[in-house]
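Chemist: One structure is given below, represented as structure tokens, and several questions about it will come after.
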Amino acid sequence: MDNILIIGAAGQIGSELTIALRNIYGADHVFATDIKHLPQDIMEGGPFQLLDVMDDKRLIHFVIRHKITQIYHLAAVLSGNAERIPIQAWNINMDSLMNILDLAKEVPEIRKIFWPSSIAVFGPTTPRDNTPQFTVMEPNTVYGISKLAGERWMQYYHQRYHIDARSIRYPGLISYKTEPGGGTTDYAVEIFYDAIRHGLYECFLSEDTALPMMFMDDAVKSTIQLMEADASAIRVRSSYNLGGISFTPKQLAAEIIRYIPDFKMTCKPDFRQAIADSWPRSIDDSVARRQWGSTCSYSLGDMTRIMIEEVRKKIKAKD
Ligand code: AKB
């Protein structure tokens with residue numbers, strides 16, 4: 001039986017992936033860890049431990065003690081925050097990944113690892129529409145540089161040490177359970193809270209900035225699909241493009257107005273506009289679909305409806 005370690009379980013994707021994996025593998029086999037406490041349902045729903053991925057000695061001890069066979073390393077400093085603390089962000093993003101890759105090399109019981117990459121690996125010289133799997137990659141953000149370097153290390157450890165390393169280049173992720181922190185695509189979550197609370201939202205990107213996004217259920221489903229696929233099907237060992245849905249703040253605001261007719265959005269672009277302008281507008285994920293059958297099913301309309309319903313419930317429960 002597999003024992004799974006989730007690093008960064010309190011984060012936006014970690015909090016939902018932990019629950020989905022516990023439903024598949026059984027609560028006792030999924031060990032949630034983070035440097036901060038988790039939402040109540042995760043802390044109570046199975047094993048939880050405060051653990052810092054930068055502490056390689058405690059990490060190896062934990063892995064051996066709990067007979068871990070799979071690791072999902074989800075902790076990272078995202079694009080907006082990384083520009084505020086570039087060297088610290090580089091050190092955290094790279095050192096933590098190297099700790100996990102080395103651990104997988106030292107402990108043969110670890111059968112596979114998952115590490116998320118991002119659309120941030122692309123840069124201003126990349127074709128921005130329908131960005132292919134293999135193309136020019138010259139990121140100009142510290143987050144993008146760290147993700148691209150990480151992808152090369154994933155590929156290297158697979159080739160040199162036969163580590164079963166798997167990865168997805170996530171677009172912006174949209175969810176209601178845990179809010180994202182410090183990313184450029186965060187506006188697409190913030191907008192729902194402000195629309196419901198105040199009927200108003202000031203967007204930090206211009207209204208016509210198109211970016212690829214994905215509803216969390218699709219992201220969780222795709223991640224598990226990739227991890228469960230036969231190793232022979234996974235021929236890309238850097239990271240897979242995953243498309244989801246592409247839209248602008250203006251298009252998202254128009255969807256929200258269907259539920260909140262008086263909603264108004266204004267735009268005051270900040271430093272994150274330059275980051276968004278260097279990223280793809282849409283992604284070609286045909287390689288992932290062909291090789292391991294990735295499927296995303298939520299449209300902009302589906303996602304907006306669910307976000308309005310769930311964020312409304314969440315706000316009501318807090319008030
Ligand atoms: C960010 O905006 O930094 C992240 C990402 C696209 O990787 N959501």
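Chemist: If the requirement is being away from the ligand (no atom under 11 Å from the Cβ) and not in a loop (DSSP other than H, G, I, E, B), which of these qualifies: MET154, MET137?
Modeler: Result of the check over MET154, MET137: MET154.
Chemist: Among the residues of region 60-90, what is the count of those that are surrounded by 15 or more Cβ atoms within 10 Å (Cβ to Cβ), within 20 Å of GLY46 (Cα to Cα) and either out of contact with any Lys or Arg (no Cβ under 6 Å at 6 or more places or on another chain) or not hydroxyl-bearing (Ser, Thr, Tyr) (or both)?
Modeler: Total satisfying the criteria: 10.
Chemist: Kindly check whether there is at least one residue in region 172-184 that is closer than 20 Å to ILE283 by Cβ and part of a helix (DSSP H, G or I).
Modeler: Taking every residue of region 172-184 in turn, none turns out to be closer than 20 Å to ILE283 by Cβ and part of a helix (DSSP H, G or I).
Chemist: Still on this structure: Residues that are farther than 22 Å from LEU5 by Cα, surrounded by fewer than 20 Cβ atoms within 10 Å (Cβ to Cβ), within 16 Å of the ligand (Cβ to nearest atom) and modelled with pLDDT of 95 or more: does region 93-104 have at least one?
Modeler: No, region 93-104 contains no residue that is farther than 22 Å from LEU5 by Cα, surrounded by fewer than 20 Cβ atoms within 10 Å (Cβ to Cβ), within 16 Å of the ligand (Cβ to nearest atom) and modelled with pLDDT of 95 or more.
Chemist: Looking at region 188-206, is at least one residue part of a loop (DSSP other than H, G, I, E, B) and open to solvent by less than 10 Å² (accessible area, probe 1.4 Å)?
Modeler: Checked region 188-206: at least one residue is part of a loop (DSSP other than H, G, I, E, B) and open to solvent by less than 10 Å² (accessible area, probe 1.4 Å).
Chemist: Assess whether LYS147 counts as being within 16 Å of the ligand (Cβ to nearest atom), of a type in the set (Lys, Arg) and open to solvent by less than 20 Å² (accessible area, probe 1.4 Å).
Modeler: yes
Chemist: What's the total number of residues in region 265-319 that are free of Cβ contacts under 8 Å to residues at least 40 places away in the same chain and surrounded by 14 or more Cβ atoms within 10 Å (Cβ to Cβ)?
Modeler: The total comes to 2.
Chemist: Okay, next question. What number of residues within region 16-45 satisfy the criterion of being at pLDDT below 95 and open to solvent by less than 20 Å² (accessible area, probe 1.4 Å)?
Modeler: 2
Chemist: Further question on the same structure: Identify the residue in region 157-171 that is outside any strand (DSSP E or B) and buried (at least 16 other Cβ atoms within 10 Å of the Cβ) and, among all such residues, is nearest to the ligand (Cβ to nearest atom).
Modeler: PRO171
The values are calculated or read from the model by the stated rules, or taken from the named source; none is laboratory data. Because the structure is predicted, anything quoted here is derived from the model rather than measured. Glycine also receives a Cβ, built like all others from the backbone with ideal geometry; neighbour counts cover every protein chain displayed. With ligands, DNA and RNA removed, areas are computed over all heavy atoms of the protein, side chains included. Shrake-Rupley method; radii C 1.70, N 1.55, O 1.52, S 1.80 Å.
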